[in-house]
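Everything below concerns the one structure shown next.
The values are calculated or read from the model by the stated rules, or taken from the named source; none is laboratory data. Just so you know, these numbers come straight off a predicted model, no measurement behind them. Here the Cβ is made from the backbone with ideal geometry for all residues, glycine too, and neighbour counts use every protein chain on show. Quick note on the areas: whole protein, heavy atoms, side chains included, nothing else; ligands and nucleic acids left out. Shrake-Rupley method; radii C 1.70, N 1.55, O 1.52, S 1.80 Å.
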Amino acid sequence: MIIPCFEVQELTLTSPPIRMGQKIRVAAVSYLNTKPLLFGIERSEILQEIELLLDYPSQLAEMLGAGTIDIALLPVAAIPGIEGARIVSDYGIASDGNVASVALFSHVPMEEITEVYLDYQSRTSVKLAQVLLENYWRREVTLIPAGKNYIQEIAGKRAGVIIGDRALQQLANFEYVYDLSAAWKQWTGLDFVFAAWVAARELPADFLQRFNEANAAGFAHLDEIIAAHPFPEYDLRTYYTENIQYLLTVERKKGLARFLSLL
């Protein structure tokens, strides 16, 4: 089933539809967690109909809002700020507990943290961290926009939100690692959706169906994907089959609705 619209808020598409023969501009992130989705897309005939761009998550919202791309694997915190935004695929990036690659890293326990760096590559994860710090951990801390080398500056009572492949690489380097998805699950009892395929303009229904099928195709090739991306810091089979959940079920969308209601 293709999700016809974003359930939390009814939105109207305002951008003009795609013209006949015009390539559809698709953007995603190049993190390890997207490899199963991109594997199918890059090997499908649909690749001939799209222009595929890879960037880090916080940039995708700006591009989709500006109309420079047509569909993005969008951090969900950006959805309410984009006119006409709607989810257009059954697939995304979610978790039903430990996600491993989105966490608050610290050298001291939570009760001693006084400052938190917010990863510049993220929107949804830093918003989730803020929600959890205020409502779950009930900590008043100073939030600091992070520069590119901020991980090296996490020290003493200053913690940091780290996402993606860099988070997996840092798991062994910090005594305290607070998995944000696990904390969300413990607090709300709900799964967490980090990103979804979102469009802000009308796209052909037959394209969306084939795009959905291309997303699904990669999961039959996990062995090939894992072999192509050696990652000694973390077991990718565990990551792809236990940490990351790719299907946006009805229950997961309940978690998404709850999160957006808190922003």
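Of all residue pairs spaced 6 or more apart or on separate chains, those with beta-carbon atoms under 6 Å, a first member in the range 43-59 that is within 22 Å of THR124 (Cβ to Cβ) and a second member that is assigned to a loop (DSSP other than H, G, I, E, B) and open to solvent by 50 Å² or more (accessible area, probe 1.4 Å) are LEU54/SER30; SER58/ARG123.
Suppose the filter is at pLDDT 95 or above, closer than 21 Å to HIS229 by Cα and part of a strand (DSSP E or B); does LEU73 pass it? Judged against the criteria, LEU73 is a match. Apart from one condition, GLY97 fits all of (1) open to solvent by 20 Å² or more (accessible area, probe 1.4 Å); (2) in a loop (DSSP other than H, G, I, E, B); the exception is (1). The listed residues are LEU104, LEU53, and the only one of them that is assigned to a strand (DSSP E or B) and open to solvent by 40 Å² or more (accessible area, probe 1.4 Å) turns out to be LEU53. Screening LEU47 on (1) outside any strand (DSSP E or B); (2) open to solvent by 60 Å² or more (accessible area, probe 1.4 Å); (3) touching a strand residue (DSSP E or B) at 6+ places or on another chain (Cβ under 6 Å); (4) not hydroxyl-bearing (Ser, Thr, Tyr) shows it passes everything except condition (3).
Quick grid of which residues meet (1) open to solvent by 30 Å² or more (accessible area, probe 1.4 Å); (2) out of contact with any Ser or Thr (no Cβ under 9 Å at 6 or more places or on another chain); (3) modelled with pLDDT under 95; (4) farther than 30 Å from TRP137 by Cβ:
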| position | (1), (2), (3), (4) |
| --- | --- |
| PHE192 | no, no, no, no |
| ARG210 | yes, no, no, yes |
| HIS221 | yes, yes, no, yes |
| PRO232 | yes, yes, no, yes |
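Out of curiosity, is ARG25 of a type in the set (Lys, Arg), buried (at least 16 other Cβ atoms within 10 Å of the Cβ) and either more than 19 Å from GLY218 (Cβ to Cβ) or modelled with pLDDT of 95 or more (or both)? Judged against the criteria, ARG25 is a match. Residue count for the range 146-194, restricted to those that are more than 16 Å from GLN245 (Cα to Cα), within 16 Å of the chain's Cα centre (by Cα) and not hydrophobic (A, V, I, L, M, F, W, C): 2. Is it the case that the range 161-171 has a residue that's among the acidic types (Asp, Glu), open to solvent by less than 40 Å² (accessible area, probe 1.4 Å) and in contact with a Phe, Trp or Tyr (Cβ under 9 Å, 6 or more places away or on another chain)? For the range 161-171, residues among the acidic types (Asp, Glu), open to solvent by less than 40 Å² (accessible area, probe 1.4 Å) and in contact with a Phe, Trp or Tyr (Cβ under 9 Å, 6 or more places away or on another chain): present.
Considering GLY164, GLY147, GLY160, GLY156, the condition of being under 28 Å from GLU112 (Cβ atoms), free of Cβ contacts under 8 Å to residues at least 40 places away in the same chain and of a type in the set (Gly, Ala, Ser) is satisfied by GLY147 alone.
When the range 57-92 is filtered for residues that are closer than 16 Å to GLY164 by Cβ and either open to solvent by 10 Å² or more (accessible area, probe 1.4 Å) or over 15 Å from the mean Cα position of the chain (by Cα) (or both), the ones remaining, listed by number, are PRO57, SER58, GLN59, ALA77. Taken over the range 210-263, the criterion of being among the hydrophobic types (A, V, I, L, M, F, W, C), under 19 Å from the mean Cα position of the chain (by Cα) and not in a helix (DSSP H, G or I) is satisfied by ILE244, LEU247, LEU248, LEU263. Being within 29 Å of ALA66 (Cβ to Cβ) and either surrounded by fewer than 18 Cβ atoms within 10 Å (Cβ to Cβ) or free of Cβ contacts under 8 Å to residues at least 60 places away in the same chain (or both): is that true of GLU251 here? Spelling it out, it is not the case that GLU251 is within 29 Å of ALA66 (Cβ to Cβ) and either surrounded by fewer than 18 Cβ atoms within 10 Å (Cβ to Cβ) or free of Cβ contacts under 8 Å to residues at least 60 places away in the same chain (or both).
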